[in-house]
Amino acid sequence: MARILVLGAGFAGLWAAIGAARKRDELGVRAKDTEILVVDRNPYHNIRVRNYEVDISDAAIPLAGVLDPIGVKHLVGDVQAIDPARQEVVVKTNRGEESLAHDRLVLTLGSELVRPPIPGLAKYSFDVDTYAAATRLDAHLAALGKRGASQGRSTVVVVGAGFTGIEVATEMPGKLDRAGVTGDRRIVLVDPNPVVGATIGEHARPIINEALAALGVETRLGVKVTAVEANGLALSSGEFIAAQTVIWCAGMRASPLAATLAAEHDRYGRLIVDPFMRATGLPNIFAAGDAASCLADGVHPTVMSCQFARPMGRFAGHNVVADLFGEPMLPLTIDWYVTVLDLGQWGALYTTGWDRQVRTTGAAAKATKQTINHVRIYPPRNGSRAELFAAAAPSVQAPPPTAR
């Protein structure tokens, strides 16, 4: 039996698996003759971009409900090592370590939060990098809501004023309301850059600042965190902010396993792939999503986001099967780029183009953001083989519509 191994069940991995099953079905190849196996440390697909939201109860989708109807196998395990020469992957499962041979590999292990060796950071901070981490944060806030008043109980410090940090900070008033955290609440956004959203662009930044001010979010810019303690954190400016909740959102990098492969990488540790999602210099290995970088339009490298991970995954899945059976592969081209940034109860921000020209703000952009997060990026969940295959077609969706 031939085997296509998909490592990771995030946005790229899930759609690579479904896309591969679709192409396998199109070629009339039986599942028992060519196995598609997905390996992920969790038995679910996390709608990761929703981890900052007030309610994340529907942000984890069991893999069985999506993959079983299309004949894709899945294994809960943690990838330990990849051996391209032997075409084997070592996976740690509840049975111990296993070695999985494969004919083709699709690496979609995604990205992870960068955690520098700051004293106390690992022990005392929270994050929303994974579904488990987000639920831990929610449980912590709920526990705070049941406690009496104490120093820093109602203060939340968010470190990192990029996309994730801004969304976490602006959603925090709603999360504190849900958790019942009352009192003199403070939300503080910290970043070493002199401005909020340093990479977001000059067109969008005034809108973000307006939303932060309206929501009462304070900023501490041009400073670094020097230590995190149980009751707060210290900044390079000498200030100590008393807070029982510190959320780290400062920086992302590709899965470290991508860096173990002798291939070309970018500064984030992502594998460089061609338009067919083939990893440069690694025969029989495809990569997609946050662990890979390609030129979306021939000029701009893809961004770590589900906007790119989903089509990269669909094309990787289609092409890995086409490659295995000597069929023509399809190149991926994405000729548009938008950013839809949630700004909590204030609304949202919708920009177009790589220079992020502001198109819509406030309630209209918020409606678009909710449609994206709650509908557009979900796979069909009714078990319909036909609908799953249709959703995984190697094509690029049009930009999400929004009212001006």
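The values are calculated or read from the model by the stated rules, or taken from the named source; none is laboratory data. Nothing here was measured: the structure is a model prediction, and the numbers come from that model. When we count neighbours, we look across all protein chains shown, and the Cβ atoms used for this are built from the backbone with ideal geometry, even at glycine. Side chains are part of the model used for accessible areas, which takes the heavy atoms of the whole protein and leaves out ligands, DNA and RNA. Shrake-Rupley method; radii C 1.70, N 1.55, O 1.52, S 1.80 Å.
Within the chain, antiparallel bridges make up roughly 55 percent of the DSSP beta bridges whose residues both belong there. The mean sequence separation of alpha-carbon pairs under 8 Å and at least six residues apart, normalised by the residue count of the chain, gives a relative contact order of 20 percent. Across region 230-240, rounded Karplus estimates of 3J(HN,Hα) from the backbone phi angles (6.51 cos²θ - 1.76 cosθ + 1.60, θ = phi - 60°) give 4, 10, x, 9, 9, 10, 5, 6, x, 6, 10 Hz, Gly and Pro being marked x. The angle separating the long axis of helix 163-179 from the principal Cα axis of greatest extent in the chain is about 60 degrees. Look at where the Cα atoms of region 269-293 and of region 82-113 average out, and the two centres are 15 Å apart. Among the aspartates and glutamates, which fall within straight-line cross-link reach of Lys146, defined as a Cα-Cα distance under 12 Å, with same-chain neighbours fewer than 8 residues apart omitted? Candidates past the 8-residue exclusion: nothing left. Beta bridges from DSSP with both residues in region 162-309: antiparallel share about 60 percent, rounded to the nearest 5. Most simply put, region 1-158 has about 50% antiparallel DSSP beta bridges, counting only bridges with both residues inside it.
For region 1-89, the list of trypsin sites (Lys or Arg not before Pro) that fall in a loop by DSSP and count at most 15 other C-beta atoms within 10 angstrom reads Arg30, Lys32, Arg86.
Here the gap between Asn231 and Val114, fully extended at 0.36 nm per residue and compared with their Cα-Cα distance, gives a gain of 39.9 nm. Just the protein heavy atoms count here, and of the accessible area of the chain at 1.4 Å, carbon and sulfur take up 52 percent.
Using only the C-alpha atoms, the convex hull of region 1-64 corresponds to 86 Å³ per residue. Within region 156-194, which residues have the backbone N less than 17 Å from the label spot 7 Å out from Ala142 along Cα→beta-carbon, could you tell me? Zone members listed by number: 174-182. To the nearest ten degrees, helix 362-371 and the longest principal axis of the Cα atoms of the chain are 30 degrees apart.
Using a probe of 1.4 angstrom and keeping all protein chains present, the accessible surface of the chain works out to 41 square angstrom per residue. Helix 306-324: angle to the longest alpha-carbon principal axis of the chain, degrees 0 to 90, nearest 10? Tilt relative to the chain: about 10 degrees. Projecting the Cα atoms of Ala234, Leu137, Ile207 onto the charge dipole of the chain (Cβ charges, centred on the Cα centre) puts Leu137 farthest toward the positive pole.
Rolling a 1.4 Å probe across all protein chains gives Glu327 an accessible area of roughly 80 Å². Given a 1.4 Å probe and the protein chains as shown, Asp184 ends up with an accessible area of around 130 Å².
The per residue volume of the convex hull around the alpha-carbon atoms of region 282-369 is 103 Å³. Pairs to check: Lys92/Lys224; Lys23/Lys369; Lys123/Lys369; Lys175/Lys369. Give those whose C-alpha atoms are more than 27 Å from each other in this structure. Where the Cα-Cα span goes over 27 Å, the pairs concerned are Lys92/Lys224; Lys23/Lys369; Lys123/Lys369. When only alpha carbons of region 94-250 are considered, Rg and Dmax amount to 17.7, 59 Å.
Solvent-free Debye calculation, one equal scatterer per alpha-carbon of region 240-389: log10 I(q)/I(0) at 0.14, 0.16 Å⁻¹ equals -0.87, -1.04.
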